[in-house]
Structure formats: structure tokens, C-alpha cells
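J.: Take this structure first; my questions come after.
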Amino acid sequence: MTFWRSLFVAASLLAAPISLAHAQTPQTVKAKNVVLVHGAWADGSSWSEVIPILQAAGLNVTAVQNPLSSLADSVEATKRALAEQDGPTVLVAHSWGGTVISQVGTDPKVTGLVYVAARAPDANEDFVALSKQFPTGPARAGIVERDGYTKLSEDAFLKYFANGVKPEQAKELYAVQWPTAASIFAGRTTEAAWHSKPSWYAVSKNDYTINPDFERFLAKRMNATTVELDAGHLSLVSHPKEVANLILDAAGYPRS
């Protein structure tokens with residue numbers, strides 16, 4: 001190729017539109033709302049330490065009063081709360097509530113999922129069988145069943161479910177624990193929203209209800225952005241700032 005031809009080819013390439021393929025880094029969609037779903041043996045007040053932090057950041061916050069009577073009932077309660085939201089929403093769950101948001105989270109309003117020491121089943125998965133691959137936490141030895149509903153004994157609740165929570169606060173939470181249908185733990189979802197929605201996970205390193213290694217397995221399986229907290233199962237009570245900051249990350253807001 002002559003010098004002048006080479007010069008012409010180079011000039012032509014410079015003049016042509018350049019198309020570059022970039023690997024796109026997923027961007028967090030800024031949310032307006034947060035819907036919080038509590039787990040078994042709890043009620044909406046378990047989020048009371050986290051809610052003011054999120055509200056102070058400018059988010060609209062709704063805590064679902066999860067009926068815990070069946071998976072279907074809990075899903076419907078969360079769907080009703082989600083239907084009331086105007087715009088992008090982050091769904092957050094603690095413990096068994098992770099089953100609920102895994103089902104409901106496919107809703108187009110949902111921009112992200114946050115799991116706090118929570119279950120995260122795959123669609124139609126036998127989650128009970130999966131959990132048996134990990135040691136059972138001592139809290140479960142305190143389950144007391146009556147007429148198809150379960151509660152935790154006071155000893156198990158205070159020692160193992162609410163470990164790391166101030167004793168007086170733990171006793172208040174014990175007093176308001178909501179009866180939980182024994183049947184819900186075997187309930188299977190038909191969806192697993194974490195396959196298609198960005199996910200965040202807070203592992204409780206001192207959890208005596210759900211094995212921490214099981215939590216790590218679930219977080220890794222869903223490729224979640226993960227933090228580990230020096231907390232028991234109720235990290236949302238004992239470490240509200242850290243939990244709130246993870247939710248703020250998912251909502252695209254600055255940390256508190």
C-alpha cells in the first residue's frame with residue numbers, strides 16, 4: 001500500500017462514525033418507596049428502628065402487617081401494599097418474609113430486593129429440604145405449636161431469636177410476636193424475583209435461627225450485594241443503621 005493510499009484509509013476511518021461496545025455496569029434505579037415485610041414470630045413493629053432512618057432520607061415507607069396464616073395470604077397482603085405505592089419501590093424482607101418478596105418482587109414497580117437474614121427460595125423449590133443441608137439453629141427447638149399455629153417459647157425467643165437485642169426491647173418483641181401457621185414454612189413460590197431483579201443481602205453472623213452459612217449460600221446463589229453484620233437474627237432491631245444503609249443503597253439514596 002502506497003503512502004498516499006495509507007493516508008486516505010486512515011483519514012476515512014477517522015471521519016467515519018465510531019461504534020464502541022461497552023460492558024454496561026448495572027445502575028441502581030432510584031426508588032421513591034420502600035415496602036417492608038416482616039417474618040415469622042414478629043409483626044410490623046420489628047421495623048420500628050429502621051423506618052425513621054429511611055423516612056429521614058426522604059423515602060415513603062410502608063410496613064406490611066404480614067398475616068402469617070398462609071403463603072397466599074401473606075403474598076396478597078404484600079401485593080396490596082405494593083399496589084398503593086406510586087412509582088419505583090424497593091421490597092425488603094426479614095426471615096420468612098424473604099419467601100414473600102421472592103414471589104411478589106416480579107411486579108414492574110419493584111426495582112430491587114433486600115433480604116435481611118432472610119429466606120430466598122427458588123421457584124417451586126423444596127426450601128425445607130434445602131435448609132436441612134445446614135445445621136439447624138437452636139431457636140427452632142423452642143417452637144410451640146397449638147391448633148396449627150406456632151410461637152417461640154420465651155426462653156428461645158430471648159436467647160436465640162432476639163440475641164444481641166437489649167433485654168427490655170427483646171421482651172417487648174416477645175410480647176407482640178405474631179402466631180405463625182406451621183404450614184407456611186413448607187409453602188412453595190411460583191416465582192423467584194431475584195433471578196431478574198437486583199438483590200442485596202444482610203447476613204447475620206451470630207444468627208441462631210437461620211444458619212449464617214445458609215444465608216451466605218443464598219446470597220451467593222442470587223449474586224446479591226452482601227454485607228455481614230455482627231448481629232443475631234433480629235439485625236433490623238440491633239443494627240438498624242447498617243440495615244437501613246443497605247436499603248438506602250438499593251434505593252439509590254446516600255447512606256445515613
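J.: Nothing charged except the Cβ atoms of Lys and Arg (+1) and of Asp and Glu (-1): what's the magnitude of the dipole of segment 117-256 about its Cα centre? Round to the nearest 20 debye.
T.: Approximately 120 debye in magnitude.
J.: Now for a different question. What dipole magnitude, in Debye to the nearest 20, does the chain give about its Cα centre under +1 on Lys/Arg Cβ and -1 on Asp/Glu Cβ?
T.: That gives a dipole near 720 debye.
J.: Taking the Cα centre of the chain as the origin and placing charges on Cβ (Lys, Arg +1; Asp, Glu -1), which of 55, 142, 219 is farthest toward the positive end of the dipole?
T.: Projecting each Cα onto the dipole axis, the largest value belongs to 219.
J.: Taking amide H positions as placed in the peptide plane 1.01 Å from N, state which residues far from residue 125 in sequence (5 or more) or on other chains have amide H under 5 Å from it.
T.: Counting only residues 5 or more places away or on other chains, the set is 189.
J.: Next question. Determine the per residue accessible area of the chain with all protein chains present and a 1.4 angstrom probe, expressed in square angstrom.
T.: The answer is 49 Å² per residue.
J.: How big is the charge dipole of segment 42-132 about its Cα centre, in debye rounded to the nearest 20, if each Lys and Arg gets +1 on its Cβ and each Asp and Glu gets -1 on its Cβ?
T.: Roughly 100 debye for segment 42-132.
J.: Calculate for the chain the 222 nm mean residue ellipticity that helices alone would give, adding -39,500 (n - 2.57) per DSSP H run of length 4 or more and normalising by residue count, nearest 500 deg cm²/dmol.
T.: -9000 deg cm²/dmol
J.: Along the charge dipole of segment 33-251, pointing to its positive end and built from +1/-1 on Cβ of Lys, Arg, Asp and Glu, which listed residue (133, 104, 120) has its Cα farthest out?
T.: About the Cα centre, the residue reaching furthest to the positive side is 133.
J.: Please pull out the direction-averaged projected area of segment 33-251, using the convex hull of its alpha-carbon atoms, in nm² to one decimal place.
T.: Directional mean of the projected Cα hull area for segment 33-251 stands at 10.3 nm².
J.: Compute the long axis of helix 212-221 from its Cα atoms, compare it with the longest principal axis of the Cα atoms of the chain, and write down the angle in degrees, 0 to 90, nearest 10.
T.: 30
J.: Can you pull the percent of segment 33-251's accessible area that's carbon plus sulfur, 1.4 Å probe, other chains left in place?
T.: So the carbon and sulfur contribution to the accessible surface is 50 percent.
J.: For a test of the definition: using alpha carbon positions, the gyration tensor, and the 1.5 limit on a/c, classify segment 152-191 as rounded, prolate or oblate.
T.: Prolate shape, in that a/c is at least 1.5 and a/b is the bigger ratio.
J.: Among 241-252, 165-176, what's the highest-first ranking by average C-beta atoms within 10 angstrom per residue?
T.: 241-252, 165-176
J.: Further question on the same structure: What does the net charge come to around residue 239 if you take all other residues with beta carbon closer than 10 Å to its beta carbon, with K and R at +1 and D and E at -1?
T.: Its environment carries a net charge of -2.
The values are calculated or read from the model by the stated rules, or taken from the named source; none is laboratory data. All values reported here derive from a predicted model rather than from experimental measurement. We place every Cβ from the backbone using ideal geometry, glycine too, and count neighbours over all the protein chains shown. What goes into the accessible areas is simple: the full protein's heavy atoms, side chains included, and nothing from ligands, DNA or RNA. Shrake-Rupley method; radii C 1.70, N 1.55, O 1.52, S 1.80 Å.
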